[in-house]
Amino acid sequence: MKRGCLAVALLLLSACGDAAPDPDRADLDPNAVVSGYAFLTPETQAQQDDDFLNPGFLWVDRGAKLFRSGEAVSASCASCHGAGGRPLEGVAARYPRIDEATGKLTNLEGRINVCRTRHQAAKPLAHEGEDLLALSAYVASLSRGMPVSVQLDDRLRPYYEQGRDYFFTRRGQLNLACHHCHDRNWGRSLRGDTISQGHANGFPTYRLEWQTLGSLHRRFRDCDTGVRAEPMSLASEEYLALELYLAVRGAGLAVEAPAVRP
Amino acid sequence: MRALGTCLLLGVAAAATGCGERALVAPDRFSGDAIPHSLTGMPGDPEAGRATFVARDGGHCVLCHVVAGLDVPFQGNVGPALSDVGARLTPGQIRLRIVDASRLNPDTVMPAYYRVHGLNQVSRGLEGKPVLSSGQVEDLVAYLAALDG
């Protein structure tokens, strides 16, 4: 009886096959990499290209002001990253990376909060709040046109593998992985949307559907919710690892932040 | 009796580990690449099927499929056109493809609309629920089986 019982339990457990990532996964061909920009209508492209029409520049301008103004008790970002300090041109193209103090994977927003708590005696800013969006849009805009170039090393590799697993794992009631849409079906249409390769080079991005600027992790939550999966939290380790996988997958693409997308 | 109770408990525990839900359609209802008999024992309603095919909160099949002559803007093309699917497939074959197309192609992009087992990270509140009811699947079968191009 007991043994039969175990067999039943094992049988039930062995029905759980699908949580593993696709075994024959093939990454996007590096020679085929194209930005989401290529799939936009000419009108949306023009809106992104013109700094006066691109609504993302409202956040860039606001971020530039925040960058120069310290809070009551703290030094400004510009006091460390201004003339004579560490310039931030090109920095966003090398994120996410390991924070030397904690040894943990950190994206640009995380790094901005590290500066605040470690060097500015200020509180971390809320993810998806206007101030963090503005500062990250400003700092990312300083890398516009530069190629995304995150170099993997021994410390990054486990996160890269974790992100890659997430990309290839089916999830949600509709049981699809990122891979199914963004590697296998880019260029096809999903109702009104043309599916792009799902690159991260435009973030933070002004999305017409959001009518506001949003982070990459907000986009991840939208795609997860789209397949009726429980989304991860903003800045979760899963999404940071996924961000790293996308940075390597989209190596060489020009940073477009703040991009405009439907 | 107690042994049976423990066994049931073990089974329930295994089922509750997130992905161990039981198959909704019993194995003996499948025959080759088809599910020959109606899931409800009744024929579906093609008009209701057309509505489910289109509705965002129904099957929303137009996300990926085109049906020529259907008055819906921006039908997708991730899946094949279904304008003449009734001439190519029997109702039983259509039924299986809606219930769980991964039985034919494990690598498929077509979601399983009447299956709850082997899923991962399903939205809270939707666990253990199929995308469509058996009645909605039958309505879709009736609608699609009548499309002959």
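The values are calculated or read from the model by the stated rules, or taken from the named source; none is laboratory data. The structure presented is a predicted model; accordingly, all values stated were derived computationally and were not measured. No Cβ is skipped: glycine too gets one built from the backbone with ideal geometry, and neighbour counts run over all protein chains shown. Only protein heavy atoms, including side chains, enter the accessible area calculation; ligands, DNA and RNA are left aside. Shrake-Rupley method; radii C 1.70, N 1.55, O 1.52, S 1.80 Å.
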**OP:** Would you work out the relative contact order for chain B, in percent, from Cα pairs under 8 angstrom that are 6 or more residues apart?
**Re:** 34 percent
Original post:
Once the piece of chain linking residue A:131 and residue A:68 is laid out straight, how much longer is it, given 0.36 nm per residue of separation minus the C-alpha distance between them?
Top reply: 21.4 nm
**OP:** For segment A:57-141, with all protein chains present and a 1.4 Å probe, just round the carbon and sulfur fraction of the accessible area to a whole percent.
**Re:** 55 percent
Subject >> Cβ-derived FRET efficiency at R0 25 Å, residue A:102 paired with residue B:105, nearest 0.05 >> reply: 0.05
Original post:
Solvent-accessible area per residue for the protein assembly as shown at a 1.4 Å probe radius, Å²?
Top reply: 50 Å²
Subject >> Projected-area mean, segment A:57-141, by convex hull of Cα positions, square nanometres >> reply: 5.5 nm²
**OP:** Let me know the longest stretch in chain B that avoids all trypsin sites (Lys or Arg not before Pro) found in a DSSP loop with at most 14 other C-beta atoms within 10 Å.
**Re:** B:57-123
Original post:
So which chymotrypsin sites (Phe, Trp or Tyr not before Pro) in segment A:27-120 end up in coil per DSSP with only 12 or fewer other C-beta atoms within 10 Å?
Top reply: A:52
Subject >> Helix axis angle, A:237-249 relative to chain A longest principal axis, alpha carbon, degrees >> reply: 80 degrees
Subject >> Projected label distance in nm at residue A:76 and residue B:40, using a 7 Å step from Cα toward the beta-carbon >> reply: 6.7 nm
Original post:
Pairing the Cα long axis of helix A:157-168 with the longest principal axis of chain A, what angle in degrees results, from 0 to 90 and rounded to the nearest 10?
Top reply: 60 degrees
**OP:** Show that you can apply the helix-only estimate: for the protein assembly as shown, add -39,500 (n - 2.57) for every DSSP H stretch of four or more residues, divide by all residues, and state [θ] at 222 nm to the nearest 500.
**Re:** -11000 deg cm²/dmol
**OP:** Using 0.36 nm per residue of separation minus the Cα-Cα distance, give me the extension gain between residue A:184 and residue A:53 in nm, one decimal.
**Re:** 43.8 nm
Subject >> Hydrodynamic radius of chain A per Kirkwood, over alpha carbon pairs, in Å >> reply: 19.7 Å
Original post:
Charges only on Cβ, +1 for Lys and Arg, -1 for Asp and Glu: so what's the dipole of chain A about the Cα centre, in debye to the nearest 20?
Top reply: 560 debye
Original post:
Between residue B:83 and residue B:28, what FRET efficiency follows from the Cβ-Cβ distance if R0 is 30 Å, with the result rounded to 0.05?
Top reply: 0.35
Subject >> Positive-end residue of B:114, B:145, B:53, charge dipole of segment B:28-145 with Cβ unit charges >> reply: B:114
Original post:
Pairing the Cα long axis of helix A:130-141 with the longest principal axis of chain A, what angle in degrees results, from 0 to 90 and rounded to the nearest 10?
Top reply: 80 degrees
Original post:
Given a Förster radius of 22 Å and the C-beta distance between residue A:161 and residue A:193 as r, what FRET efficiency does 1/(1 + (r/R0)^6) yield to the nearest 0.05?
Top reply: 0.15
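Find the relative contact order for chain A and round it to a whole percent, using C-alpha pairs within less than 8 Å whose residues are 6+ positions apart.
After rounding, I find 27 percent.
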**OP:** Quick one: what are the phi-derived ³J(HN,Hα) couplings along segment B:85-101, Karplus 6.51/-1.76/1.60 with θ = phi - 60°, whole Hz, x for glycine and proline?
**Re:** 5, x, 7, 8, 10, 6, x, x, 5, 4, 4, 4, 5, 7, 4, 6, 5
Subject >> Mean separation of Cα contacts under 8 Å (6+ apart) over length of segment A:56-183, as relative contact order % >> reply: 28 percent
Original post:
Taking H as built 1.01 Å from N, whose amide H comes closer than 5 Å to the amide H of residue A:177, not counting residues under 5 places away?
Top reply: A:171
Original post:
Taking the simple approach of a point 7 Å from Cα along Cα-to-Cβ for both residue A:61 and residue B:90, what is their distance in nm?
Top reply: 6.8 nm
**OP:** Working with all protein chains in place, sort A:256, A:238 by solvent-accessible area computed with a 1.4 Å probe, largest first.
**Re:** A:238, A:256
